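Here's the structure we're looking at; comments come further down.
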Amino acid sequence: MTAKLKTTITDAEWEVMRVVWTAKFAASKEIINVLKDKMNWKPTTIKTLIGRLVEKGLLATEADGNKFIYTPTVSEEDSVKKVTLDVFSHICNKKIGKTLANILTEATLSHEDIKLLTQVLEEKKKQAVNEIACNCVKGQCDCCK
Ligand SMILES: [Zn+2]
């Protein structure tokens, strides 16, 4: 995992990153056009967010005449994966299965999604263990009582 992927993206910054990921590259004007109505943000707010993402190294800048073009330095897929794994790092290993079940219960899924998930579960079944070891420090979960 690169240092950039260790950087946390705030909820507001995600909005900006999604625009740049979709466009592949964008000037601040284009980012502002997409977000000003959705988020009801002022252009200066969006420019501040862009500046922060540049500082964090998540957006690269290139001058194009009198404007700057921004490109993402991390992929959307890797960033989403990182956030998902971060969630797991906050809970006991024993609770991951139940947490995934909760996420699935909340999600709206297509037949294609279910096919993919079934395939993943069939593979997981082959490597399943009888008991999952707790990875927590005493006092942070009920397993070690
Ligand atoms: Zn535990």
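Brief remarks follow.
- The condition of being within 16 Å of the ligand (Cβ to nearest atom) and under 25 Å from Met17 (Cβ atoms) holds for only one of Phe68, Phe88, that being Phe88.
- Inter-residue pairs, beta-carbon under 8 Å, first within 12 Å of the ligand (Cβ to nearest atom) and in region 116-145, second assigned to a loop (DSSP other than H, G, I, E, B) and open to solvent by 80 Å² or more (accessible area, probe 1.4 Å), 6+ apart: Cys144/Lys138
- Close contacts from region 53-66, counting a first residue that is in the same structural domain as Val20 (by TED's automatic domain parsing) and on the phi > 0 side of the Ramachandran plot and a second that is open to solvent by 40 Å² or more (accessible area, probe 1.4 Å) and among the charged types (D, E, K, R), with Cβ to Cβ under 7 Å and a gap of 6+ residues or different chains, come to Gly57/Lys4.
- Entirely in region 1-108, the helices (runs of 4 or more DSSP H) that have 1 or more residues that are open to solvent by 60 Å² or more (accessible area, probe 1.4 Å) and among the β-branched types (Val, Ile, Thr): 11-23, 28-39, 43-55, 76-89, 96-106
- Enumeration of residues in region 109-137 that are part of a loop (DSSP other than H, G, I, E, B) and either open to solvent by 90 Å² or more (accessible area, probe 1.4 Å) or in contact with a helix residue (DSSP H, G or I) (Cβ under 7 Å, 6 or more places away or on another chain) (or both): Gln127, Val129, Asn130, Glu131, Ile132, Ala133, Cys134, Asn135, Val137
The values are calculated or read from the model by the stated rules, or taken from the named source; none is laboratory data. Since the structure is predicted, the reported quantities are computational estimates derived from the model, not experimental observations. Reconstructed Cβ throughout: ideal geometry from the backbone, glycine too, with neighbour counts over all protein chains shown. For accessibility, only protein heavy atoms count, side chains too; no ligands or nucleic acids. Shrake-Rupley method; radii C 1.70, N 1.55, O 1.52, S 1.80 Å.
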